[in-house]
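The values are calculated or read from the model by the stated rules, or taken from the named source; none is laboratory data. As the structure is a prediction and not an experimental result, all values here were calculated from the model. Reconstructed Cβ throughout: ideal geometry from the backbone, glycine too, with neighbour counts over all protein chains shown. Each accessible area value is taken on the protein alone, full model and side chains, heavy atoms only, with ligands, DNA and RNA left out. Shrake-Rupley method; radii C 1.70, N 1.55, O 1.52, S 1.80 Å.
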Amino acid sequence: MTDSRNDRSRLLLSEDATIGRTVAYCGVLTALAMIFSYVETLIPINFGVPGVKLGLANLVVLSGLYYLRPAQVLAISAARIVLTGFLFGNGVSILYSLAGGLLSFCVMLLLRKAGGFSPAGVSVAGGVSHNIGQLLIAMLVLRTVHLAWYLPVLLVSGAVTGLLMGLLTGRILKALRVPY
Amino acid sequence: MNKKDLLLTAAVLVLAGIFAAVFCLQPHKKPVMVTATVDGEVYGAWDLSADLEVDIDTEYGHNHLSIRDGSAQITEADCPDGLCMHQGTVREGGEMNVCLPHHLIVEVLTEGDESYDGLSQ
């Protein structure tokens, strides 16, 4: 059992993986994250509040935190944001996504390293911090603090979608036989 | 899902509840005006009790604001996501519609609002 687990995680990406292998993996995962971003634009859910969304792409980032190195996850996340931004968004939307993506990456990495949280908890913190990052950028761009009105909605939506994505990530990691 | 996860989620929800309560418990004031703000600069302010159709054209794009029956709503926009048109009407003090791509905020002001005082001077 232990052997098969080791084999499996080596199959994913081990410490001594070649550069070619690492690049290939990161490329495939970036593509997967981009597809998730695209799929999300097709979901016609509209809560009437800008910034409320499922966060499917976070499945790749969050699960990556459990079997990749942090720098690789960050590269995948940043590449996904910039590429989907150019494909489906505009300059401003990249700014919002980057703010949310970077803040949630840092928070999730911290909680992952701190230990004690399952992927669900890490993901809740990620979802909430993502929304807070976007709200802060919106306050800067629109130059008003009145947007704080949206804070309660964004906190709740970040927690709910984060929890959903976190539970799903738990399933994914189980299927990949990555220990967490 | 473990105990720490649950605690964290509960803490976030409680925090959201506290913020919501603080915002909602503010004294209710009579809504009087609707303003459009672009990049933090006031684009225009209109009497909320009037029936008006307003075009908001800036370097970022076009939005159309309809004011009637004491409420306002963005009814047309050429922004990429169109989210501003789906935010419904605003009628109570502090309520707002936001069009992020066009840096636009449409907001209801009440008597005594700082920005309202500034406008009436």
Checklist entry - Relative contact order of segment A:27-88: what whole-number percent is it, with Cα pairs under 8 angstrom and at least 6 residues apart? => result 48
Checklist entry - Where nothing but the Cβ of Lys and Arg (+1) and of Asp and Glu (-1) is charged, how large is the charge dipole of the protein assembly as shown around its Cα centre, in debye to the nearest 20? => result 2320
Checklist outcome for this item: When every protein chain stays in place and a 1.4 Å probe is rolled, A:Lys53, B:Lys30 sorted by accessible area with the largest first are B:Lys30, A:Lys53
Next on the checklist: If I model the protein assembly as shown as equal point scatterers sitting on the Cα atoms and use the Debye formula, what is log10 I(q)/I(0) at q = 0.08, 0.09, 0.10, 0.15 Å⁻¹?
Outcome noted: -0.42, -0.51, -0.62, -1.14
Checklist outcome for this item: Restricting to Cα pairs under 8 Å and 6 or more apart, the percent relative contact order of segment A:2-176 works out to 24
Checklist entry - For chain A, what does -39500 (n - 2.57) per DSSP helix run (n ≥ 4), summed and divided by total residues, give at 222 nm, in deg cm²/dmol to the nearest 500? => result -26500 deg cm²/dmol
Checklist entry - Residue farthest toward the positive end of the dipole of the protein assembly as shown, with Cβ of Lys/Arg at +1 and Asp/Glu at -1: which of B:Thr37, B:Ala21, A:Leu147? => result B:Ala21
Checklist outcome for this item: Taking the protein assembly as shown and a Cβ-Cβ threshold of 4.7 Å, the cysteines left without a partner are A:Cys26, A:Cys106, B:Cys24, B:Cys79
Item to check | Residue with peak Gaussian network fluctuation, chain B [Cα springs, cutoff 10 Å], from B:Pro80, B:Pro31, B:Pro101 | outcome: B:Pro80
Item to check | Exposure of A:Tyr180 as accessible area (Å², to 10), given a probe of 1.4 Å and all protein chains | outcome: 130
Checklist entry - Using 7 Å Cα-to-Cβ label points, what is the B:Val14/A:Ala17 separation (nm, one decimal)? => result 4.0
Checklist entry - Taking the simple approach of a point 7 Å from Cα along Cα-to-Cβ for both B:His86 and A:Arg143, what is their distance in nm? => result 3.0
Item to check | Volume of the Cα convex hull of segment A:2-176, divided per residue and given in Å³ | outcome: 118
Checklist entry - How are the C-alpha pair distances of segment B:24-106 spread across 5 Å bins, as whole percents from the shortest bin up? => result 3, 16, 28, 26, 16, 8, 3, 0
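Taking Cα pairs under 8 Å and at least six residues apart, what relative contact order does segment B:30-120 come out at, in percent?
29
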Next on the checklist: If R₀ is 45 angstrom, what is the calculated FRET efficiency for the pair A:Thr41 and B:Glu111, using the beta carbon separation as r and rounding to 0.05?
Outcome noted: 0.60
Next on the checklist: At 1.002 mPa s and 20 °C, plugging the Kirkwood radius over alpha-carbon pairs of segment A:93-180 into Stokes-Einstein gives what diffusion coefficient in µm²/s?
Outcome noted: 158
Checklist entry - Label-point separation (nm) for A:Lys113 and A:Ala71, each offset 7 Å from Cα along Cα-to-Cβ? => result 1.4
Next on the checklist: Run the numbers for B:His62 and B:Lys29: contour at 0.36 nm per residue of separation, minus the present Cα-Cα distance, in nm.
Outcome noted: 8.8 nm
Checklist entry - Could you name the lysines in cross-link range of B:Lys3, using Cα to Cα under 30 Å and dropping any fewer than eight places away on the same chain? => result A:Lys53, A:Lys113, A:Lys174
Checklist entry - Mean residue ellipticity at 222 nm from the helices of chain B, using -39,500 (n - 2.57) per DSSP H segment of n ≥ 4 over the full residue count, to the nearest 500 deg cm²/dmol? => result -8000 deg cm²/dmol
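Charges only on Cβ, +1 for Lys and Arg, -1 for Asp and Glu: so what's the dipole of chain A about the Cα centre, in debye to the nearest 20?
Values: 13 positive and 5 negative charges, 36 e Å.
Around 180 debye, computed over chain A.
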Next on the checklist: Compute, for segment B:34-121, the length of the dipole vector about the Cα centre, with Cβ point charges of +1 (Lys, Arg) and -1 (Asp, Glu) only. Units Debye, rounded to 20.
Outcome noted: 200
